[in-house]
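Scroll down for the structure; my scribbles are underneath it.
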Amino acid sequence: MRRDIFQAIADPTRRAIIALIALQAMTPSAIADHFDMTRQAISKHMRILTECELVKQEYQGREIYYQLEIDKIKEIDKWLEQFRKIWESRFEKLDQLLATIKKKK
């Protein structure tokens, strides 16, 4: 089954993993140290993130390091941008309304 990036980020653990490896590439063991779950559970989350191309694996000797794929995160940001514009428009209207109410007082 092919997952998309939005299914991947729907899970709070995977979002936490993304935030963690955004700072630096990490091994599965180092990632697992930050969570109260088995290494096997972390591996499942990493597999999903890898399938969705949100993270990539880099081999250094016998170690695997996971790092964030910034371009995929940009895809999410691009999708969210449409909503950001709506929210900003609504906040501007609210600011105008509040300014009008304040002037009347």
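What to note about this one:
- Residue within region 64-74 that is in contact with a strand residue (DSSP E or B) (Cβ under 8 Å, 6 or more places away or on another chain), farther than 11 Å from Ile5 by Cα and of a type in the set (Phe, Trp, Tyr) present: yes
- A single entry from Ile73, Ile86 fulfils the requirement of being surrounded by 15 or more Cβ atoms within 10 Å (Cβ to Cβ) and assigned to a helix (DSSP H, G or I): Ile73.
- Region 54-82 residues that are without any contact (Cβ under 8 Å) to a residue 12 or more places away in the chain, paired with ones that are surrounded by 10 or more Cβ atoms within 10 Å (Cβ to Cβ) (beta carbon under 7 Å, 6 or more apart): Gln57/Thr50; Gln57/Ile64; Gln57/Tyr66
- Qualifying residue in region 1-12 (condition: farther than 19 Å from Ile64 by Cα, of a type outside the set (Asp, Glu) and at pLDDT 95 or above): yes
- Residues of region 19-50 satisfying the condition of being surrounded by 15 or more Cβ atoms within 10 Å (Cβ to Cβ) and in contact with a helix residue (DSSP H, G or I) (Cβ under 8 Å, 6 or more places away or on another chain): Leu20, Ile21, Met26, Pro28, Ile31, Ala32, Phe35, Ile42, His45, Met46, Ile48, Leu49
- Residue satisfying all of: in region 21-59; of a type in the set (A, V, I, L, M) and part of a loop (DSSP other than H, G, I, E, B); farthest from Asp11 (Cα to Cα) among these: Ala25
The values are calculated or read from the model by the stated rules, or taken from the named source; none is laboratory data. Because the structure is predicted, anything quoted here is derived from the model rather than measured. Virtual Cβ from ideal backbone geometry, glycine too; neighbours counted across all protein chains shown.
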